[in-house]
Amino acid sequence: MHWTRPENYHFTLVCLGQVAVAEIPRIEACVTPVAATLAPFRYRLAAVRPFPSARAPRVMAALPEDAAGFLAWQPPLAAALAAAGFAVERRPYRAHLSLGRWRSRAACPATDDFALDLEGSATGVVLYESREGRYWPLFGAACRGSGAGA
């Protein structure tokens, strides 16, 4: 297993894959007004388990007890980016925080879920670039009433 460094923890709302640097201002122009309409929310991470399933794991993930906040944020962000011509993932969205990635599915041991009890707040959206095994923030957009940047 290749563990995720804590500074790289994040919840992906929309994965855009490879995007040209010149497109970043256009992404920001799509995301910022949508983020301003989204209500901040609190979440609790309640379980750790293979994701997306124990039969076909790709990552060990922390899962929110209630994904309602993430499920409220994801569709309008994905729709705005798709309307602007960006390729967004079509699979159903499932909120998770990746803790580690198996190098191969054969290396995934059978495991039970682990209980977890950590809380956090979502107050904005950040566009990250994945480079050199690390996530680099490119811009942040505050959500409605958060009073702070992402």
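The values are calculated or read from the model by the stated rules, or taken from the named source; none is laboratory data. Since this is a predicted model, take the numbers as computed values, not measurements. Every residue, glycine among them, receives a Cβ derived from its backbone with ideal geometry; neighbour counts consider all protein chains shown. Remember, those area values only see protein heavy atoms, side chains included, never the ligands or the DNA or RNA. Shrake-Rupley method; radii C 1.70, N 1.55, O 1.52, S 1.80 Å.
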All positions within the stretch 98-109 that are outside any helix (DSSP H, G or I) and either open to solvent by 40 Å² or more (accessible area, probe 1.4 Å) or at pLDDT 95 or above (or both):
R101, R103, S104, P109
Please state which one of L81, L63 is within 17 Å of the chain's Cα centre (by Cα) and assigned to a strand (DSSP E or B).
L63
Being touching a residue at least 60 places away in the same chain (Cβ under 8 Å), open to solvent by 40 Å² or more (accessible area, probe 1.4 Å) and part of a helix (DSSP H, G or I) is the filter here; which residues of the stretch 1-22 pass it?
E7
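Listed here are the residues, each with its yes/no results for (1) touching an Asp or Glu at 6+ places or on another chain (Cβ under 6 Å); (2) farther than 15 Å from G17 by Cα; (3) among the aliphatic types (A, V, I, L, M); (4) in contact (Cβ under 8 Å) with a residue 12 or more places away in the chain.
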| site | (1), (2), (3), (4) |
| --- | --- |
| V59 | no, yes, yes, yes |
| D66 | no, yes, no, yes |
| F70 | no, yes, no, yes |
| A80 | no, yes, yes, yes |
| A87 | no, no, yes, yes |
| L99 | no, yes, yes, yes |
Considering residues of the stretch 43-85 that are farther than 30 Å from H2 by Cβ and out of contact with any Cys (no Cβ under 6 Å at 6 or more places or on another chain) only, the residue most open to solvent (accessible area, probe 1.4 Å):
A83
Restricting attention to the stretch 36-60, report how many residues are touching a helix residue (DSSP H, G or I) at 6+ places or on another chain (Cβ under 9 Å) and of a type outside the set (A, V, I, L, M).
7
Restricting attention to the stretch 110-145, and to residues there that are charged (D, E, K, R) and either part of a loop (DSSP other than H, G, I, E, B) or more than 17 Å from W3 (Cβ to Cβ) (or both), which single residue is modelled with the highest pLDDT?
E119
